[in-house]
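The values are calculated or read from the model by the stated rules, or taken from the named source; none is laboratory data. Everything numeric in this text was worked out from a predicted model, so none of it was measured. Note: ideal-geometry Cβ built from the backbone for every residue, glycine included; neighbour counts use all protein chains shown. Side chains are part of the model used for accessible areas, which takes the heavy atoms of the whole protein and leaves out ligands, DNA and RNA. Shrake-Rupley method; radii C 1.70, N 1.55, O 1.52, S 1.80 Å.
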Amino acid sequence: EQGLARFLELIESDARVEPTDWMPAAYRKTLVRQISQHAHSEIIGMQPEGNWITRAPSLKRKAILMAKVQDEAGHGLYLYSAAQTLGTDRDTMFEQLITGKAKYSSIFNYLTPTWADMGSIGWLVDGAAICNQVPLCRASYGPYGRAMVRICKEESFHQRQGFEILLSLMNGTDAQRQMAQESVNRWYAPALMMFGPPDEDSPNSQQSMAWKIKRFSNDDLRQRFVDMLVPQAEILGVTLPDPDLKFNEETGHYDFGELDWSEFYEVLKGNGQANTVRVAKRRAAHENGAWVREAARAYADKQAAAAEAAALAANEMVAA
Amino acid sequence: EQGLARFLELIESDARVEPTDWMPAAYRKTLVRQISQHAHSEIIGMQPEGNWITRAPSLKRKAILMAKVQDEAGHGLYLYSAAQTLGTDRDTMFEQLITGKAKYSSIFNYLTPTWADMGSIGWLVDGAAICNQVPLCRASYGPYGRAMVRICKEESFHQRQGFEILLSLMNGTDAQRQMAQESVNRWYAPALMMFGPPDEDSPNSQQSMAWKIKRFSNDDLRQRFVDMLVPQAEILGVTLPDPDLKFNEETGHYDFGELDWSEFYEVLKGNGQANTVRVAKRRAAHENGAWVREAARAYADKQAAAAEAAALAANEMVAA
Amino acid sequence: TEAVAQYALGLGDDALILAHRLGEWIANGPELEEDIALGNIGLDILGHARSLLTYAGSAWGKTEDDLAYFRSEPEFRCRQLFEQPIGDFGQTIARQLIASVYFDSLYRALMHSSDKTLAAIAAKATKEVDYHLDHSTQWLLRLGLGTDESAFRMQRGLDAMWPFVDELYRAEPVASGDFGAELAEGLEGIAVDPRALRAEFDAVVPQLVRDAGLTVPQTSAVRGGGRQGIHSEAFGPLLAEMQVLARQHPGASW
Amino acid sequence: TEAVAQYALGLGDDALILAHRLGEWIANGPELEEDIALGNIGLDILGHARSLLTYAGSAWGKTEDDLAYFRSEPEFRCRQLFEQPIGDFGQTIARQLIASVYFDSLYRALMHSSDKTLAAIAAKATKEVDYHLDHSTQWLLRLGLGTDESAFRMQRGLDAMWPFVDELYRAEPVASGDFGAELAEGLEGIAVDPRALRAEFDAVVPQLVRDAGLTVPQTSAVRGGGRQGIHSEAFGPLLAEMQVLARQHPGASW
């Protein structure tokens, strides 16, 4: 009971809960689920962009793309570390990912058939991620909040790069402009769905908000995102594919059309463009690398054994 | 002694020596070496052409090229069969190939950087092979001679296809003509060297000719090849890269320039463009396929055991 | 007609891309006999592709090569199963099994097409596909019942290819590009509705898989959309390699 | 000068193609840490490529992208080691070890070039290559001394890459295209003669290989000729993929 009082006090006062603090089992469980899903999303998110590294159309873009995909692997690592402070180890979480038991963001189950998708992912997907994540920097759980600070810094960099890719295309040839518009058409709605179902269909959100893991509702975040997007789309010269999108003088926000939530649930159920393929690819990489990890372990064991033997021998010499 | 007399009589009378006939150990050894080298050459020869199957510039050419490479695998199989009749089994020969102990034709240690090389290999390499092989159809060892009959039929088909590839290129754009000429420049001399070193440097040839395994000397075959080539080059409109090449009214043959035999011996020693790579690639295919072969063996064993058990059970039922 | 040409184009692209993948096995097989077998199967299927693309192109004044080498990724109509990488031998056999069952029922039905050309192409293909089906069935059993490793790999191959089965048996979105639509007008009696073939797959393949001591995969299907020009990630690099030489020499003959 | 530009082009192509191969590991590594490590190494080397190609191109009014995307196969100058497929992790480590030792001695020598630009590029690269060398040395030991399987694979990797070592240490055939020639006129004090670096390789690598419990390969060298535009068979498909998008949009900016 003392623990619970202390926990509620921390939450109340907007202070951080740390790994050594007592916390409710449900709080811990919610966090582990959310952080590991976020980590998995970073790992799986490497694939749709990794798809274009060998075909990037300029060396500068190739370097930026490689660096970005690297960053995602790094984010995955920080987040696994944050989750580990809650008592679930990385191997367990990774196993859940590659056996298809764990969820990750559905957005990465879309394909990237064109180069312009590298722009749309940066601008729309990373953009939505930032709207989601900036409030998470103040998440009540310390290690998570701190990981998010670092991640958000890099994500906003990625969003700018995505914007630049689209801008270059929109300033380019007709074929490039078409490529950009077609890609934005495909990514716009899925990006809006990244904030999750409408508030009335999102029962878990309430508790997360009470615990100050989540700070804003799905619909609030979505609105914030659309408001950010519209002026940027104007700069780019791309059309956002929503005929109902228009500024509402009264609310000061952009109204937008109904989203096709049946699509969202289809992808969530596993019937997206690439669900099975994404997981299978990471699993194949993991399986193909098993001998490497075993070798590293065996070598480390041998080194440790040799060091111990050397220490023993040294002791004996001293004793003799 | 009876065996030797019979053997010499067969050779003398241009009859065939068959597997069950007595034959000198050296005859057997020479044949195994020659036939297995020929088989290996077919197998390794799949690679320089296999290199272009995925990039063949028309579907017709792609089909022809796939069929050709298939034929080469088939030739390898006939020839291994012929060698097996002499008491050396295929696994042993194949093992010698993939461990780099056995030789194969040096010509396949050259690279195929352009599509035109598919033409040059057909026209020049298969052309030289035919000149070499047509006399082998009358080789004194029956299974070898008969294998060669079938092979020669297909090789002459391949040569014509190579000629057609070059002809299309020479009738094409400037870039295509250049590609063809550049390729012929690279393959001409190596093709001439396929007949082996000049007669005075080829001590083993004498014995092979006495045994009627070989029917013509290296230099005779090379001359025959050049005589065949010159008029075909004229039809193609390609220049054969030898300034000394000219018709000799007296001999009725084409004279040609000295070949760079140091190049020949370099490649033979293993220092060609692709020696190590060719063998390594076949070895890798073999190693990667080990599990498949093991599965096939295990399955066949299980099937045989099951059949035996069924037969036993049937017998018992009859007995009961 | 346009609808027939579009229909032939889709079938032709399926065959073209599968044949390309099979060509990647050449000189890489686990034994010489398989270099030959996979090559032969690839050649047969390339033959189907050529007939179908030539027929499709005849409606537009285009050759088989115009269609194979000078279309861009979204203009291709192949279903995604055929684009998947060859993987190991187990994965190749898994795809080949699925593809052969599909082609077998497809071409047997298409033999009765009122379109004479399609019927003739199908009649010829049927005989060849018979052998392909036998080849992959034999290997399914050998690998499934062979060793522990081969069973593991064969299962992994099936798991990898299974998500692409559903797309094969969806309605042909002919011409209109309408996904899941009924057979377009003008194709009654000409085209085969793949939905009608699904029962045969379900009757045959799961039982084969069980006979081989393996498990019928339970993975969900990918969305597909190959007939609408939506392709999987392995397809771009495949196309780059396949078309590179032809595109460097536009208008050339070979 | 032309000679300096040709020299920079050769070095730049080596780095460009190796970086491309390393990029193929992304999202395929045996663990996340290696996805990151191989990616970082690839990024460093891509950085070297960009500096060198930009410098080479400045002599001809060309950008790094003109050089990377709009040359054909025989116009590339990379040595063949860098073109080889990534293979498994053992093969990648084998190449990376050989490459890092080579780059390490090359860039340390090139720091003293009288050409200020080359010296500056080399000075920056040296620090990065230090880390690359450490990475591959550590893995050589881990794999060589780890398990039976890892020792087998590491040895196979070394066997596969060893034939390409010799070419690295042959004279640069600058400008003239003369194979095995002396350093071309105009490059004394500017370029590094790779032949002078061979002793270091021989002093370092065979010992490392033995320390890892492995055998120094005895295979003969391939003839090479990358600097003359002669490339190995893996290079054509690599180039097709690398250039496909850029070539579809000639003149476009990205």
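For region A:274-296, a tally of residues being within 18 Å of A:PHE108 (Cα to Cα), open to solvent by 30 Å² or more (accessible area, probe 1.4 Å) and at the interface with chain D (Cβ under 10 Å from one of its Cβ atoms) returns 2. The listed residues are A:ARG177, A:ARG186, A:ARG146, and the only one of them that is under 17 Å from the mean Cα position of the chain (by Cα), in a helix (DSSP H, G or I) and not polar (S, T, N, Q) turns out to be A:ARG146.
State whether one or more residues within region C:165-187 are aromatic (Phe, Trp, Tyr) and open to solvent by 30 Å² or more (accessible area, probe 1.4 Å). Yes - at least one qualifying residue is present in region C:165-187.
Reported count of residues in region B:215-229, each being open to solvent by 10 Å² or more (accessible area, probe 1.4 Å) and either without any contact (Cβ under 8 Å) to a residue 60 or more places away in the chain or not in a loop (DSSP other than H, G, I, E, B) (or both), is 7. Could we say that A:GLU154 is among the acidic types (Asp, Glu), within 14 Å of chain D (Cβ to nearest Cβ) and closer than 30 Å to A:SER36 by Cβ here? The answer is yes for A:GLU154. Is it the case that region A:243-254 has a residue that's closer than 30 Å to C:HIS231 by Cα, away from chain D (no Cβ under 12 Å), open to solvent by less than 60 Å² (accessible area, probe 1.4 Å) and of a type in the set (Phe, Trp, Tyr)? No, region A:243-254 has no match at all. A search for C-beta distances below 6 Å between a residue of region B:21-49 that is open to solvent by less than 10 Å² (accessible area, probe 1.4 Å) and any residue that is in a loop (DSSP other than H, G, I, E, B) and not polar (S, T, N, Q), counting only pairs 6+ apart in sequence or on different chains, returns B:TYR27/B:TRP211; B:LEU31/B:LEU86; B:HIS40/B:ALA102; B:HIS40/B:TYR104; B:ILE44/B:TYR104; B:MET46/C:ALA27; B:GLN47/C:ALA27.
For region B:84-107, filtering for residues that are of a type in the set (A, V, I, L, M, F, W, C) and within 14 Å of chain C (Cβ to nearest Cβ) leaves 4. Answer yes or no: is there a residue in region A:203-214 that is closer than 22 Å to A:ASP260 by Cα and open to solvent by less than 50 Å² (accessible area, probe 1.4 Å). Within region A:203-214, one or more residues are closer than 22 Å to A:ASP260 by Cα and open to solvent by less than 50 Å² (accessible area, probe 1.4 Å). Of the listed requirements (1) of a type outside the set (Ser, Thr, Tyr); (2) open to solvent by 30 Å² or more (accessible area, probe 1.4 Å); (3) in contact (Cβ under 8 Å) with a residue 12 or more places away in the chain, D:ALA203 misses just one: (3). A:GLY74 meets the conditions (1) closer than 22 Å to A:GLY142 by Cβ; (2) more than 11 Å from chain D (Cβ to nearest Cβ) in every case but one. The failed one is (2).
Taking region C:28-39 as the range and being within 7 Å of chain B (Cβ to nearest Cβ), open to solvent by less than 30 Å² (accessible area, probe 1.4 Å) and either among the charged types (D, E, K, R) or closer than 30 Å to C:ARG77 by Cβ (or both) as the test, the residues that pass are C:GLY29, C:ASP35, C:GLY39.
Of the residues making up region B:249-275, those that are without any contact (Cβ under 8 Å) to a residue 40 or more places away in the chain and either of a type in the set (Lys, Arg) or part of a helix (DSSP H, G or I) (or both) are B:SER262, B:TYR265, B:GLU266, B:LYS269.
Got at least one residue in region A:92-110 being over 30 Å from C:GLN218 (Cβ atoms) and touching a helix residue (DSSP H, G or I) at 6+ places or on another chain (Cβ under 6 Å)? No, that holds for no residue. Taken over region A:118-141, the criterion of being open to solvent by 20 Å² or more (accessible area, probe 1.4 Å) and within 26 Å of A:ALA180 (Cα to Cα) is satisfied by A:ILE130, A:ASN132. Count of region D:40-76 residues, restricted to those that are open to solvent by 50 Å² or more (accessible area, probe 1.4 Å), without any contact (Cβ under 8 Å) to a residue 40 or more places away in the chain and more than 8 Å from chain A (Cβ to nearest Cβ), is 5.
So is B:ALA82 in contact (Cβ under 8 Å) with a residue 60 or more places away in the chain, assigned to a helix (DSSP H, G or I), open to solvent by less than 20 Å² (accessible area, probe 1.4 Å) and within 30 Å of B:GLN176 (Cα to Cα) or not? Answer is no for this residue. Within region A:104-117, the presence of at least one residue that is open to solvent by 10 Å² or more (accessible area, probe 1.4 Å) and over 30 Å from D:HIS20 (Cβ atoms) is confirmed.
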